[in-house]
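Since the structure comes first, as structure tokens, the remarks are kept for the end.
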Amino acid sequence: MSAAPDTLDRRQFLQGSGLLLVAAGGATLLRLPEAQAQQAGTIAAAVRDIAPEQLDTWITIDTAGRVTAFFGKMDMGQGVDTAVAQIVADELDVAVDRVSVVMGDTHLTPNQGGASGSSACRQRVSAGAAAGRTITYGELIADGFRTPLQWNRQFGNGLAVRGAAPVKQVADYQVVGKPVARKDIAGKVLATTEYCVHVSLPGMLHARVVRPPVAGSVPAVVDELHRRHRRSAGGAGWRLPGGGGAR
Amino acid sequence: MAQFTLSVDGEARQVEAQPETPLLYVLRGQLGLKGPKFGCGFAQCGACTVIVNGAAARSCMLPVSAVQDQPIRTLDGLVKDGKPHLVQLAFIEEEAAQCGYCTNAWVMNVVALLERNSAPTKDQIRQELAGLKCRCGMHMAILRAVLRAAAQMRKTAGATTTGQA
Ligand code: FES
Ligand code: FES
């Protein structure tokens, strides 16, 4: 589902009927012909084709105006999903609560690597630092959506479509830089968020690191019961420096 | 292997384990709970905290044989009839989590604390929670959440004593 990029302003874009698609690799805006749009209306329910060069891999807008951004990174609670939702809301002139962000699931998003080093929401830091001026938070996170282009290349993804629509100026941001309630907290507090440690496969064993009670200890004995992780206190008896023993 | 009957979040659950198996392994591995987490396995972080007989306990060092027939409460069971506990609500309102891996520790210890003492001072809260670890550094937000939860629970104390929202 790709078409030649088309330039149109944000209002036209949002007023257009049917499903609209935007690339997350820049300010590229793309409008599908109506027939195609209707066909694509079931996109959320369908198995996603996540070819990185296809624009709907990154953003979809359904006929009810709900925006879904697909972001190929996984954070560790930094709230990148909320920041990305803010950026998208501003660039599309929609309320932030209309934007949902899907990330960290390679069934649904391209693999854009980890989110370390602020790579999910960064870029102008170095440019700004070089110019010797202060970078606002808004500027900082507004670049999050342009960064993926480079990351995509690094990860072998093919998206390199550049659009002609102007990128919003920082001064025009309504949502970026303002406090927005984090979207990820409730699941963590209510024990519904999935963590890697919840993954359970048939016959799966768990390994664990066993540490001595004091520095300098050496393992004195490793018995079968401990080795099979039946005990909580560790997998080994320890010979402590100075000749004592501990288990 | 031996059979044990545990009382978990108000329900009798049958499990099969070696007597010395940590309660945490049984709760997660056999009962599929997601609240208590494995952090250190050495009673040093609190990620595995459950409430046993009203007191916060580190389930990673608690043999399953030691808690038979004692009421065990978990983070998973704090939501009742779709309603979160007031402590959970306060954590959400104060956004007192980053990765959330430690959140179980704080919420469960705070529930146990507030059931004992509905108006703890900041110092008492700090003291009570001093042994818990949060690598994301959410401590100040957590402190605010505890104060908020305590105030909310006092406000609703006339209506309910369970802390349910
Ligand atoms: S996992 Fe039990 S205290 Fe760390
Ligand atoms: S929120 Fe990440 S360890 Fe506490």
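What's the local net charge at B:Glu115, with K and R +1, D and E -1, over the other residues with C-beta under 14 Å away?
+2
Given a Förster distance of 30 angstrom, what is the FRET efficiency for B:Asn53 paired with A:Leu108, based on the Cβ-Cβ distance and rounded to 0.05?
Working: r = 44 Å, r/R0 = 1.47.
Result of the calculation: an efficiency of 0.10.
Specify whether the C-alpha gyration tensor of the stretch B:86-161 places it in the rounded, prolate or oblate class, a ≥ b ≥ c being the square roots of the eigenvalues: rounded for a/c under 1.5, otherwise prolate if a/b is larger than b/c and oblate if not.
Because a/c hits 1.5 or more and a/b exceeds b/c, the stretch B:86-161 counts as prolate.
I want to check the label-to-label distance for B:Ser65 and A:Ala51. Put each point 7 Å from Cα in the C-beta direction and report it in nm to one decimal.
6.2 nm
Which of B:Ala55, B:Pro36, B:Ser65 sits farthest toward the positive end of the charge dipole of the stretch B:2-77, with +1 on the Cβ of Lys and Arg and -1 on the Cβ of Asp and Glu?
Farthest along the dipole direction, towards plus: B:Pro36.
Over the whole of A:179-185, what's the average partner chain Cβ count within 10 Å per residue? Rounded to a whole number, please.
3
Roughly how far apart, in whole Å, are the Cα centres of the stretch B:1-72 and the stretch B:101-154?
Cα centres, the stretch B:1-72 to the stretch B:101-154: 22 Å.
For A:Ala207 paired with B:Asn117, estimate the spin-label separation in nm (one decimal), with each label point 7 Å from Cα along the Cα-to-Cβ line.
For A:Ala207 paired with B:Asn117, the spin-label model returns 4.3 nm.
Projected onto the charge dipole of chain B (+1 at Lys/Arg Cβ, -1 at Asp/Glu Cβ, origin at the Cα centre), which of B:Ile125, B:Thr5, B:Gly46 gives the Cα projection farthest towards the positive end?
With unit charges placed on the Cβ atoms, the residue in question is B:Ile125.
Given a 1.4 Å probe and the protein chains all in place, what does the accessible area of B:Glu11 round to, in Å² to the nearest 10?
Accessible area, nearest 10 Å²: 110 Å².
Can you check what the net charge comes to around B:Leu143, using other residues whose Cβ is under 14 Å from the Cβ of B:Leu143 (Lys, Arg +1; Asp, Glu -1)?
Details: positive: B:Lys122, B:Arg126, B:Arg144, B:Arg148; negative: B:Glu93, B:Glu94, B:Glu95, B:Asp123, B:Glu128.
Combined, the nearby Lys, Arg, Asp and Glu give -1.
Order A:Met204, A:Met74, A:Met103 by their accessible area, 1.4 angstrom probe, all chains in place, largest first.
Final ranking, largest accessible area leading: A:Met74, A:Met204, A:Met103.
Are any of the pairs B:Lys80/B:Lys133; A:Lys178/B:Lys37; A:Lys73/B:Lys133; B:Lys34/B:Lys83 more than 29 Å apart by Cα-Cα distance, and if so, which?
In this structure, A:Lys178/B:Lys37 lie more than 29 Å apart at Cα.
For B:Gln3 and A:Arg66, what does the FRET efficiency come to when R0 = 41 Å and r is the distance between their Cβ atoms, rounded to the nearest 0.05?
0.25
Leaving out ligands, DNA and RNA, what percent of the accessible area of the stretch B:2-77 is carbon and sulfur, probe 1.4 Å?
Whole-percent figure for carbon plus sulfur exposure: 48.
From Cα pairs below 8 angstrom and at least 6 apart in sequence, can you work out the relative contact order of the stretch B:34-82, rounded to a whole percent?
35 percent
Round to the nearest 10 and report in Å² the accessible area of A:Ser100, as given by a 1.4 Å probe over the protein chains' heavy atoms.
Counting only protein heavy atoms, the figure is 60 Å².
For the stretch B:53-98, which residues drop by 50 square angstrom or more in accessible area between the chain on its own and all protein chains together (1.4 Å probe)?
B:Ile92, B:Glu95, B:Gln98
Quick check for you: with a 1.4 Å probe and neighbouring chains kept, what is the accessible area per residue of the stretch B:86-161, in Å²?
Result: 47 Å² of accessible area for each residue.
How much accessible surface does B:Thr5 have with a 1.4 Å probe, in Å² rounded to 10?
50 Å²
At a probe radius of 1.4 Å, figure out the A/B buried accessible area, summed over both chains, and give it in Å² to the nearest 100.
Answer for the A-B pair: about 2300 Å² buried.
Per-residue Cβ counts within 10 Å, from other chains only, averaged over A:191-202: what number is that?
Averaged over the peptide's residues, the number is 4.
Using the Cβ atoms and a cut-off under 9 Å, what net charge is assigned to the surroundings of B:Glu94, where Lys and Arg are +1 and Asp and Glu are -1? Could you put the intermediate results ahead of the total?
Values: positive: B:Arg144, B:Arg148; negative: B:Glu93, B:Glu95.
Combined, the nearby Lys, Arg, Asp and Glu give 0.
The values are calculated or read from the model by the stated rules, or taken from the named source; none is laboratory data. Since we're looking at a predicted model, the values are computed, not measured. Glycine also receives a Cβ, built like all others from the backbone with ideal geometry; neighbour counts cover every protein chain displayed. Only protein heavy atoms, including side chains, enter the accessible area calculation; ligands, DNA and RNA are left aside. Shrake-Rupley method; radii C 1.70, N 1.55, O 1.52, S 1.80 Å.
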